[in-house]
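Heads up: the structure comes next, in C-alpha coordinates.
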Amino acid sequence: MSTAENESTCGCAAPTNAVPRMTVAAFKSALAAAPELPLTVLWPDGDPIEAHFHITEVGRVQRDFVDCGGTVRRTVTCLLQTWVGDDVDHRINAGKLLKAFAHAERVLDSDALPVELEYEACNVIHFTVTAVEREAERLVVRLGGKHTDCLAKELCVPSSSRAASGGCC
(Lines give C-alpha, C1' and ligand atoms only; values in the text may rest on other atoms or scores of the structure.)
Protein backbone atom coordinates (compact mmCIF):
# COMPACT_ATOMS: atom_id res chain seq x y z
CA MET A 1 0.00 0.00 0.00
CA SER A 2 1.47 3.37 -0.93
CA THR A 3 1.79 6.30 1.46
CA ALA A 4 -0.98 8.17 -0.32
CA GLU A 5 -3.28 5.17 0.05
CA ASN A 6 -2.32 4.83 3.74
CA GLU A 7 -3.27 8.44 4.41
CA SER A 8 -6.79 7.88 3.22
CA THR A 9 -7.40 4.43 4.76
CA CYS A 10 -5.32 4.23 7.92
CA GLY A 11 -7.54 4.29 11.00
CA CYS A 12 -4.75 5.00 13.46
CA ALA A 13 -3.83 8.42 14.80
CA ALA A 14 -0.24 8.21 13.58
CA PRO A 15 0.59 10.35 10.55
CA THR A 16 1.80 8.26 7.62
CA ASN A 17 4.08 10.85 6.05
CA ALA A 18 7.62 9.69 5.38
CA VAL A 19 9.95 11.17 7.99
CA PRO A 20 13.69 10.90 8.41
CA ARG A 21 14.97 8.25 10.80
CA MET A 22 17.48 9.26 13.45
CA THR A 23 20.73 7.30 13.73
CA VAL A 24 22.40 6.14 16.94
CA ALA A 25 25.20 8.71 16.38
CA ALA A 26 22.76 11.62 16.04
CA PHE A 27 20.69 10.39 19.00
CA LYS A 28 23.74 10.10 21.28
CA SER A 29 24.98 13.51 20.15
CA ALA A 30 21.65 15.10 21.13
CA LEU A 31 21.76 13.37 24.53
CA ALA A 32 25.37 14.44 25.16
CA ALA A 33 24.52 18.09 24.40
CA ALA A 34 22.23 18.27 27.46
CA PRO A 35 22.83 15.24 29.75
CA GLU A 36 21.10 16.86 32.75
CA LEU A 37 17.77 17.38 30.99
CA PRO A 38 14.81 15.04 31.46
CA LEU A 39 13.42 13.23 28.43
CA THR A 40 9.91 13.57 27.09
CA VAL A 41 8.80 11.15 24.37
CA LEU A 42 6.07 12.33 22.01
CA TRP A 43 3.82 10.03 20.00
CA PRO A 44 3.51 10.81 16.28
CA ASP A 45 0.32 12.80 17.08
CA GLY A 46 2.25 15.05 19.53
CA ASP A 47 0.90 13.65 22.82
CA PRO A 48 3.52 12.53 25.38
CA ILE A 49 3.93 9.01 26.71
CA GLU A 50 3.87 8.68 30.48
CA ALA A 51 6.58 10.84 32.09
CA HIS A 52 7.66 7.99 34.39
CA PHE A 53 8.70 5.62 31.56
CA HIS A 54 11.88 3.55 31.80
CA ILE A 55 14.24 2.49 29.01
CA THR A 56 14.75 -1.16 29.94
CA GLU A 57 16.83 -2.23 26.92
CA VAL A 58 19.07 -0.73 24.26
CA GLY A 59 19.47 -3.45 21.66
CA ARG A 60 20.47 -4.35 18.13
CA VAL A 61 17.70 -6.09 16.21
CA GLN A 62 18.51 -7.86 12.96
CA ARG A 63 15.78 -9.23 10.74
CA ASP A 64 16.68 -11.47 7.80
CA PHE A 65 13.84 -12.29 5.45
CA VAL A 66 12.80 -13.10 1.89
CA ASP A 67 10.35 -10.71 0.25
CA CYS A 68 7.42 -11.95 -1.83
CA GLY A 69 9.55 -11.63 -4.98
CA GLY A 70 12.22 -13.98 -3.63
CA THR A 71 14.91 -11.40 -2.72
CA VAL A 72 16.78 -12.05 0.54
CA ARG A 73 16.89 -8.89 2.65
CA ARG A 74 18.20 -7.71 6.02
CA THR A 75 17.21 -4.81 8.27
CA VAL A 76 19.21 -3.86 11.36
CA THR A 77 18.04 -1.30 13.91
CA CYS A 78 18.78 -0.05 17.41
CA LEU A 79 15.70 -0.70 19.53
CA LEU A 80 14.92 1.15 22.76
CA GLN A 81 12.45 -0.83 24.83
CA THR A 82 10.27 1.27 27.11
CA TRP A 83 8.36 0.15 30.15
CA VAL A 84 5.96 2.14 32.30
CA GLY A 85 6.05 1.04 35.92
CA ASP A 86 4.11 1.98 39.01
CA ASP A 87 6.84 4.33 40.25
CA VAL A 88 5.19 7.53 39.04
CA ASP A 89 7.98 9.71 40.43
CA HIS A 90 10.61 8.07 38.17
CA ARG A 91 12.18 10.28 35.48
CA ILE A 92 14.95 9.46 33.04
CA ASN A 93 17.39 12.11 31.92
CA ALA A 94 19.58 12.27 28.83
CA GLY A 95 22.75 11.39 30.75
CA LYS A 96 21.27 8.18 32.13
CA LEU A 97 20.17 7.06 28.66
CA LEU A 98 23.60 7.98 27.28
CA LYS A 99 25.15 5.61 29.88
CA ALA A 100 22.83 2.84 28.68
CA PHE A 101 24.07 3.47 25.12
CA ALA A 102 27.66 3.17 26.39
CA HIS A 103 26.85 -0.26 27.88
CA ALA A 104 25.21 -1.29 24.59
CA GLU A 105 28.10 -0.30 22.29
CA ARG A 106 29.45 -3.86 22.16
CA VAL A 107 26.13 -5.22 20.88
CA LEU A 108 25.08 -2.31 18.67
CA ASP A 109 28.31 -2.54 16.67
CA SER A 110 27.44 0.61 14.68
CA ASP A 111 26.44 4.22 15.28
CA ALA A 112 24.81 4.32 11.83
CA LEU A 113 21.81 2.18 12.84
CA PRO A 114 18.39 3.83 12.80
CA VAL A 115 16.83 4.15 16.26
CA GLU A 116 13.39 2.76 17.02
CA LEU A 117 11.33 2.71 20.20
CA GLU A 118 9.19 -0.17 21.45
CA TYR A 119 6.17 0.47 23.69
CA GLU A 120 3.51 -1.83 25.10
CA ALA A 121 -0.09 -0.65 24.94
CA CYS A 122 -2.31 -3.74 24.71
CA ASN A 123 0.09 -4.85 21.97
CA VAL A 124 3.80 -4.21 21.59
CA ILE A 125 4.29 -1.50 18.97
CA HIS A 126 7.36 -0.01 17.33
CA PHE A 127 8.00 3.56 16.26
CA THR A 128 10.86 5.24 14.46
CA VAL A 129 12.73 7.96 16.32
CA THR A 130 12.66 10.97 14.01
CA ALA A 131 14.26 13.72 16.12
CA VAL A 132 15.55 14.77 19.51
CA GLU A 133 15.07 18.48 20.18
CA ARG A 134 15.84 20.71 23.14
CA GLU A 135 12.74 22.56 24.36
CA ALA A 136 13.19 24.81 27.38
CA GLU A 137 14.18 22.49 30.22
CA ARG A 138 13.71 19.11 28.53
CA LEU A 139 14.80 17.01 25.57
CA VAL A 140 11.91 15.92 23.38
CA VAL A 141 12.16 12.60 21.55
CA ARG A 142 9.82 12.65 18.56
CA LEU A 143 8.39 9.41 17.20
CA GLY A 144 7.19 8.55 13.72
CA GLY A 145 5.03 5.67 12.59
CA LYS A 146 6.12 2.48 10.87
CA HIS A 147 4.23 0.95 7.99
CA THR A 148 4.35 -2.17 5.89
CA ASP A 149 5.15 -2.09 2.20
CA CYS A 150 5.65 -4.48 -0.69
CA LEU A 151 9.36 -4.61 -1.53
CA ALA A 152 8.82 -6.35 -4.86
CA LYS A 153 6.32 -3.98 -6.43
CA GLU A 154 7.86 -4.45 -9.87
CA LEU A 155 6.74 -8.09 -9.64
CA CYS A 156 3.62 -7.84 -7.51
CA VAL A 157 1.72 -4.67 -8.27
CA PRO A 158 -0.89 -5.47 -10.90
CA SER A 159 -0.40 -3.90 -14.29
CA SER A 160 -1.92 -4.72 -17.64
CA SER A 161 1.06 -6.92 -18.59
CA ARG A 162 1.32 -8.78 -15.25
CA ALA A 163 -2.35 -9.02 -14.33
CA ALA A 164 -2.79 -12.25 -16.26
CA SER A 165 0.20 -13.92 -14.56
CA GLY A 166 -1.11 -13.15 -11.07
CA GLY A 167 2.06 -11.45 -9.78
CA CYS A 168 4.05 -12.91 -6.90
CA CYS A 169 1.93 -12.35 -3.79
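Scan the stretch 97-134 for residues that are touching a residue at least 40 places away in the same chain (Cβ under 8 Å), farther than 18 Å from Met22 by Cβ and not aliphatic (A, V, I, L, M) and jot them down. Of everything in the stretch 97-134, just one residue is touching a residue at least 40 places away in the same chain (Cβ under 8 Å), farther than 18 Å from Met22 by Cβ and not aliphatic (A, V, I, L, M), namely His103.
Output the residue which, of all residues in the stretch 96-126 that are part of a strand (DSSP E or B) and farther than 25 Å from Glu36 by Cα, is modelled with the lowest pLDDT.
Ranking the qualifying residues of the stretch 96-126, first place goes to Ala121.
For the stretch 129-142, does any single residue satisfy the condition of being touching a Lys or Arg at 6+ places or on another chain (Cβ under 6 Å) and over 15 Å from Val41 (Cβ atoms)? So far as the stretch 129-142 goes, no, none of its residues is touching a Lys or Arg at 6+ places or on another chain (Cβ under 6 Å) and over 15 Å from Val41 (Cβ atoms). Within the stretch 119-128, being touching a Lys or Arg at 6+ places or on another chain (Cβ under 8 Å) and over 15 Å from Gly46 (Cα atoms) holds for one residue alone: His126. Being of a type in the set (Lys, Arg) and part of a strand (DSSP E or B) is true of Arg134. Residue count for the stretch 48-81 satisfying the condition of being loosely packed, with under 13 Cβ neighbours inside 10 Å and of a type in the set (Phe, Trp, Tyr): 1. Looking across the stretch 36-47, the residues that are surrounded by 13 or more Cβ atoms within 10 Å (Cβ to Cβ) and either farther than 18 Å from Leu97 by Cβ or of a type outside the set (Ser, Thr, Tyr) (or both) come down to Leu37, Pro38, Leu39, Val41, Leu42, Trp43, Pro44.
If we scan the stretch 61-84, do we find a residue that is under 16 Å from Phe127 (Cα atoms) and in a loop (DSSP other than H, G, I, E, B)? There is no residue in the stretch 61-84 that is under 16 Å from Phe127 (Cα atoms) and in a loop (DSSP other than H, G, I, E, B). Screening Asp89 against (1) assigned to a strand (DSSP E or B); (2) free of Cβ contacts under 8 Å to residues at least 60 places away in the same chain leaves a single unmet condition, (1).
The values are calculated or read from the model by the stated rules, or taken from the named source; none is laboratory data. Please read all numbers here as calculations on a predicted model, not as lab measurements. Reconstructed Cβ throughout: ideal geometry from the backbone, glycine too, with neighbour counts over all protein chains shown.
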